[in-house]
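Have a look at the structure below before the remarks.
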Amino acid sequence: MVSKKRKVDAECRVFNEEWGVKYFFVETKDQKASCVICSKSVAVLKEYNIRRHYETKHLSTYSKFSGKLRSEKYESIKRGLETQRNLFTRKFAENESVTRTSYKIVHKMADRGKPFTDGNFIKACMMEAANDLCPEKADLFGNISLSTSSVVRRTEELGENIGLQIREKARNFLWYSLALDESTDLSSTSQLLVFIRGVNSDFQITEELASVCSMHGTTTGKDIFMEVQKTLQDYNLQWNQLRGVTVDGGKNMARGRKGLVGQIRTQLEDLQIPGALFIHCIIHKQALCGKDLDISCVLKPVVSAVNFIRGNALNHRQFQAFLEEIDSDFCDLPYYTAIIRDLKKHFFERFSDLDRTESDIILFQNPFDCNLDDVPVELQLELIDLQANDLLKEKHREGKLVEFYRCLPDPEFPKLKKFAAGMASVFGTTYVCEQTFSKMKYVKSTHRTRLTDDHLKAILLIGCSNSKPNIDDILKAKRQFHKSH
Ligand SMILES: [Zn+2]
């Protein structure tokens, strides 16, 4: 029996405890064995290999230890190694903590738009505090790297990480919409902001700054279109998933076939993709203050959409609830403010594709109270079923629009759900762009006009993102990089 077991052990290549004192070997975590004297490890757990190592390298020195002395010698070397290893592990963990802290501080700096050189100042402040309050830890604080070059590099890495996260989410978008605006910064570079708002099949909404395109040459509609196309490629977003485009600003954006909107329209037509909504944002300050806008056509459909929302308390409440649900910066129809009639005119003027927009909004808002004849044919059957369902009608009355659509059973209402997901992706305004331009102005203040385009982009991505950079992922990638180099 015994000999048989030995044989099995040998074949299974299991470390035999006897080899410890006998050959000064120890079993390692990865189920190999290493020599406690010289740390060399053997790849195959065979007594022959282990014995040969001991006999050729250490026998002459260690043969003099025998009996109790020998086992004591073995234990003491082993303990020494463990202490060393623990020390190493602790040191490694400490280094990682210090690096993680450095990333966290750089993240805060970028989030607030602080100059890279502020890292030195922050470090100096920390050292004052550490030296006074916990001098025993001053060394650790001293290792937190906040030199200008470290801050620059980490800002880049954090920005990249945010981009990766958005890309990851974009893979699951059913639909997405764009909000775009362009503005000239302090160094006379034209900066185009591209925000994406995507909805996945669970009606989870992701709204993020996707790109800051720095345009040094001309900024025609075509130029802007090329930048948009690059951004979509970067995030692997397809044209046939595009549900809405909300723009603002000058004629290179919205006017004519040559403007950005015209360019996107042509692109969609070429690809035979129907149905994206184009919205010209109404909140632009210049538009609000602008005089004598040429209102050549009275845009009745929007009037009726507005009347629809305003004319009935439930509709109005639902619209407000919808705005709240999508985290809109408005809690009600935005134009219904102090200036009324003129602004209203401008508002109407600034919608395009009005018939579509109107009927889509009405259908999305209140699928129980819309005229079936106005609804796209492919949705009609599902709508008939929906309108006959009292339970769902009750759910709709609760007022959370996105929540209502999320709850619709997939097998019965696949097309309606897909339609609603598309509508939920549309940007109501370009307010996100306005906000980001304010931030950009601060970041690129007169002291920092030499900030590179890439760094500006990284800072804005970090500062505007709803996602937090995943620092553990960055550290992991760093570890792997060091391992392979
Ligand atoms: Zn050895």
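Observations
- Residue list for the stretch 97-140, filter: surrounded by fewer than 13 Cβ atoms within 10 Å (Cβ to Cβ) and among the acidic types (Asp, Glu): 128, 132, 136, 139
- Across the stretch 231-240, not a single residue is classified as free of Cβ contacts under 8 Å to residues at least 40 places away in the same chain and in a strand (DSSP E or B).
- Of all residues in the stretch 12-41, those being within 16 Å of the ligand (Cβ to nearest atom) and either under 13 Å from residue 73 (Cα atoms) or not in a helix (DSSP H, G or I) (or both) number 20.
- If the condition is being small (Gly, Ala, Ser) and over 19 Å from the mean Cα position of the chain (by Cα), then the stretch 185-244 contributes 187, 188, 190, 214, 217, 221, 244.
- Screening the stretch 108-181 for helices (runs of 4 or more DSSP H) wholly inside it with 2 or more residues that are more than 30 Å from the chain's Cα centre (by Cα) returns the ranges 118-133, 138-142.
- In summary, residue 263 fulfils each of the numbered conditions (1) more than 30 Å from residue 416 (Cβ to Cβ); (2) in a strand (DSSP E or B) with the single exception of condition (2).
- Neighbours by Cβ (under 6 Å, 6+ apart or cross-chain): first from the stretch 43-56, closer than 13 Å to residue 26 by Cα; second more than 11 Å from the ligand (Cβ to nearest atom): 45/13; 45/15; 50/19
Taken together, the values in this text are just the output of simple stated rules run on the coordinates, not laboratory data. Values in this document were obtained by computation on a predicted structure and should not be read as measured data. Cβ: placed from backbone, ideal geometry, glycine included. Neighbour counts: every protein chain shown.
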